[in-house]
Amino acid sequence: MEKSFNCIGSKEERYEALIPQLKSLLNTETDQIANYANVSAALKEVFDFLWVGFYRVSNKVLVLGPFQGPIACTRIAFGKGVCGFAWQEGKTVIVPDVDQFPGHIACSSRSKSEIVVPVVKEANIIAVLDVDSELLNNFDEIDAKYLEIICALLS
Ligand code: SME
């Protein structure tokens, strides 16, 4: 099964093309890990982000899940780093410049900006989607809107 993704055009166009493809991919699979893996791969392919992946809530800590990109830290405590902060706040966090975010956890020195979106199931945060870019200020409300739609497909 080969999927071809739209890797050209504006980011809205890419997300708009990607979401129906992800819907059909995710609707046919109930395994969470499998779905996180395919979402990571699809986002990486379409946008060529530095790092795309999930941290799952497990025993009150975020534990590294499926991802694409350089190796990453495996555990993040509640409230720590951008991921732990998004988990604590229960909302999407956009960091235009990671060096300006107190407590940012640098898994790769190449990461310059970041967005973290909670995955919510039955009112509980079960994971976060973390996306890192090598470009400063690479994420905005458009990314937040579409990545939240994608995370909602996972819940
Ligand atoms: N920068 C994240 C840590 C995870 S990595 O970027 C893959 C943070 O501050 O939570």
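Computed values, structure above
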quantity	calculated
Volume per residue of the C-alpha convex hull in the chain, rounded to whole Å³	104
At least 15 Å along the helix axis (C-alpha) and Kyte average at least -0.5, DSSP helices within the chain	32-47, 141-153
Cα-centred dipole magnitude for region 1-86, charges only on beta-carbon of K, R (+1) and D, E (-1), debye, nearest 20	480
Within straight-line cross-link reach of residue 145, aspartates and glutamates at Cα separation under 18 Å, skipping those fewer than 8 residues along the same chain	12, 13, 16, 89, 114, 130, 132
Interchain or long-range residues, amide H under 5 Å from residue 134's placed H	50, 112
Summed residue charge, Cβ within 12 Å of residue 55's Cβ, Lys/Arg positive, Asp/Glu negative	+2
Residues of type lysines that residue 3 reaches as a straight line, Cα spacing below 17 Å, ignoring anything fewer than 8 places off in the same chain	23, 44
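Rule-based calculations on the coordinates, nothing more; no lab input. Note that the coordinates shown come from a computational prediction; the quantities given were computed from them, not determined experimentally. A quick note on method: Cβ atoms are made from the backbone with ideal geometry, for glycine too, and the neighbour counts reach across all protein chains shown.
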